[in-house]
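Trainee: To start, I am sharing the structure in question, which I have written as structure tokens.
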Amino acid sequence: MTVAVRSDSRGASDLFGQPRGLAYLAGTELWDRISFHGMQALLVLYMVGELLLPGHVEKIAGFAAFRAGIENVTGPLTVTALASQIFGLYVGLVYFMPVVGGVIGDRVLGRRRTVALGALLMTSGHFAMAFDASFLGAMALLIAGAGCLRGNLISQVGDLYGPGDPRRDAGFQIYFTGINLGAFIAPILCGLLGQLYGWHIAFGFAGVGMMIGLVVFLAGARHLPADMPRTGRAARAPLTPPERRVIVVLLLLMPVLALFWIAQSQVWNVYNLWVRDHVDLVIAGWTMPVPWLQAIDGLAPVVLLAPTLAVWKWQRDRGGEPDDLTKMAIGCLIFAFGTAWLAAAPLVAEPGGRAPLLWAVGFHLISNEGWLFFVPIALAAWSRAAPAKVNGTMIGVYYLSTFLGSTISGRIGGLYETWSPTRFWLLHAGIVAGGGVVLLGFGPLLRRELAPGHVVGGGGHLDLQRGEVVA
């Protein structure tokens, strides 16, 4: 596929040594992440604490039919179980829809128009959250908006640089700093606004943020790469038998990836309820908002990245660095230890029966170390192994494991009401540890089929800080 690129020469349009368009794309991404992570931090608490309770749930347009459709599959659900399932579907679809949005951007509207459309849809969705009646419509707008915006925004970053431009790596680091910064800021601001002024003000702030993101994007339009004209599909050679075999192996690997995302998605879902019920959030007489702990997930990968890379370099210098599959297995086991850490919280409970705040902070540090070992490594290995002829498509398929894991996680979240917290978190520890055991047990077979050079893959540059592969 032809890609629009800019010259790698530096000129008057540069800003601090980078293409000026990078600042506008990073600014747009920052506000997108503030809106998404703010929504993510509040949604379950909002549904359980207000929206799905009598006096509110009756006002939601179309909700009776929506709930009936879910319960036809799951059986009757309590308020907490229903909230968990809705959240799982929401997050899963947010990760699924960029596959559709990418097709729209590449073949129908162009990337610029599709990003602008996505920002408008997300802004409308956040503002629609201000009313009980429009909740389902708001969710649909947010999901569709994320699908249009996400993939089409990041693809423009790569197009800012010409082949061999040495600034590319630093540019992506700057761009994904916006993601981490948004993930850190959003739970703090939205959590505080929700606690002080109510849920709808917090959602409204997220809507204003997304509107600012749209303004930033439009203001920088003249500095962004031009959309490529639509062209006919080029003739494509059929897949060879080895390439088809690799695709089958990758598809068989998807359920293993989903085991990790079941546990990870629960950190965005029922974990907030657990914090509300079982963690001492009082600091010198002031109660910290529950979503503030989610902010650590935006900061921890940045803090842990340098020491993790240093350990891998130390191992590599001594010829003992684990390969990709072993790192993924270690990541699963570290994450399992983190969820077992939550299960052990009653052992350190204070006189009031709540775990100390530092115990929850420790969980975020442990789980994010597991994330660093698993998520970026899995994506890099997947991208490297997938045949070049279908590499882009297979990257989209990779994210379906997040959709699958989030959806299952939402269903499992209903157990929180009937199980003890210890049993609930040990279940998740067992699930994600099971993924690690499978990777270790089937490692020799997978390693042989997915080894570099076994089949020509699409390649790509891996950046651990953002967990993405870029061409």
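Trainee: Just need a number here: residues in segment 344-384 that are part of a helix (DSSP H, G or I) and at positive phi.
Mentor: 0
Trainee: One residue is enough: does segment 344-357 have a residue meeting the conditions within 30 Å of residue 380 (Cβ to Cβ), buried (at least 19 other Cβ atoms within 10 Å of the Cβ), assigned by TED's automatic domain parsing to the domain that holds residue 421 and touching an Asp or Glu at 6+ places or on another chain (Cβ under 9 Å)?
Mentor: no
Trainee: Only one of (1) among the polar types (S, T, N, Q); (2) farther than 21 Å from residue 30 by Cα; (3) surrounded by 22 or more Cβ atoms within 10 Å (Cβ to Cβ) fails for residue 114. Which number is that?
Mentor: The failed condition is (2).
Trainee: Same structure again: Name the single residue that is surrounded by the most Cβ atoms within 10 Å (Cβ to Cβ) among those in segment 173-230 being in contact (Cβ under 8 Å) with a residue 40 or more places away in the chain and in a loop (DSSP other than H, G, I, E, B).
Mentor: 224
Trainee: If you go through segment 51-66 one residue at a time, do you hit one that is among the charged types (D, E, K, R) and buried (at least 24 other Cβ atoms within 10 Å of the Cβ)?
Mentor: Checked against the condition, which is being among the charged types (D, E, K, R) and buried (at least 24 other Cβ atoms within 10 Å of the Cβ), segment 51-66 yields no hits at all.
Trainee: Could you please find all residues in segment 290-343 being crowded, with 16+ Cβ neighbours inside 10 Å and either among the small types (Gly, Ala, Ser) or outside any helix (DSSP H, G or I) (or both)?
Mentor: Those that are crowded, with 16+ Cβ neighbours inside 10 Å and either among the small types (Gly, Ala, Ser) or outside any helix (DSSP H, G or I) (or both): 295, 298, 300, 329, 331, 336, 338, 340, 343.
The values are calculated or read from the model by the stated rules, or taken from the named source; none is laboratory data. In this text the structure is predicted, and so the values were computed from the model without any measurement. Heads up, the Cβs are rebuilt from the backbone with ideal geometry, glycines too, and the neighbour counts pull from every protein chain shown.
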